[in-house]
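Single-structure report; data block below.
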Amino acid sequence: MPTKFRVNNEDRLTFVDPMTPLIDVLREELNLTGAKAVCREGVCGACTVLLDGKPVMSCLLPIGLAAGSEVRTVETLAVSDGLSLLQRAMVAHDAVQCGMCFPGMMVTLTDLLDRVPDASRDDIKTALTGNICRCTGYERIIDAVASAQLELVATASSAQA
Ligand code: FES
Ligand code: FES
């Protein structure tokens, strides 16, 4: 039985077994290879995508359970003129090393800043409990989020002036 769902604002249909993990449909059928299948056990968070606006680990989600839902992947985070403000902050803070964790990290953090623009360092740490980075360490990642928050505030105030 086919599964209908939406990915990054497009209708999609797949005929795979409904128990196939969402990550495999994204990567192998739809060629959306941003999300990474690293542990496949719901531990590392590298496969994180948004399902109806909430971060989920796509290695654990059978595609059948995504029927009728909207999936958003890391591929949508860049903006028309290039990297998003948060992505640029990560580069500026040297927060990305091997990059395996980053697709999931960016989905989680972009979602956090959309919902809680003034998230504290503790909020950021809590949001990242499901995203493991084995290279960078978390301080530079959190510093990058904090600097993106400052820039977002500055941009919002200059737009109001
Ligand atoms: S690959 Fe899904 S949590 Fe690690
Ligand atoms: S940058 Fe390598 S795991 Fe995070």
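Of the residues in segment 90-107, none is under 17 Å from D11 (Cα atoms), away from ligand 1 (no atom under 15 Å from the Cβ) and not small (G, A, S). Looking only at segment 88-123, residues that are part of a helix (DSSP H, G or I) and closer than 22 Å to E75 by Cα come to 19 in all. The residue pairs whose first member lies in segment 32-50 and is in a strand (DSSP E or B), whose second member is near ligand 1 (Cβ under 6 Å from one of its atoms), and whose beta carbons are closer than 7 Å, counting only pairs six or more residues apart or on different chains, are T48/M57.
For (1) open to solvent by less than 30 Å² (accessible area, probe 1.4 Å); (2) away from ligand 2 (no atom under 16 Å from the Cβ); (3) of a type in the set (A, V, I, L, M, F, W, C), each residue gets a yes or a no:
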| position | (1), (2), (3) |
| --- | --- |
| E10 | no, yes, no |
| D24 | yes, yes, no |
| N31 | no, yes, no |
| C39 | no, no, yes |
| G42 | yes, yes, no |
| V49 | yes, yes, yes |
| D52 | no, yes, no |
| L65 | no, yes, yes |
| E70 | no, yes, no |
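Contact annotation: residue pairs with Cβ atoms under 7 Å, 6 or more positions apart or on different chains, pairing a residue in segment 6-20 that is at positive phi with a partner that is surrounded by 15 or more Cβ atoms within 10 Å (Cβ to Cβ), are N8/R72; N8/T73; N8/E75; N8/T76.
The values are calculated or read from the model by the stated rules, or taken from the named source; none is laboratory data. Here the structure is a predicted model, which is why all the values come from computation and not from measurement. Counting neighbours? That spans all protein chains shown, and the Cβs are built from the backbone with ideal geometry, glycine included. For accessibility, only protein heavy atoms count, side chains too; no ligands or nucleic acids. Shrake-Rupley method; radii C 1.70, N 1.55, O 1.52, S 1.80 Å.
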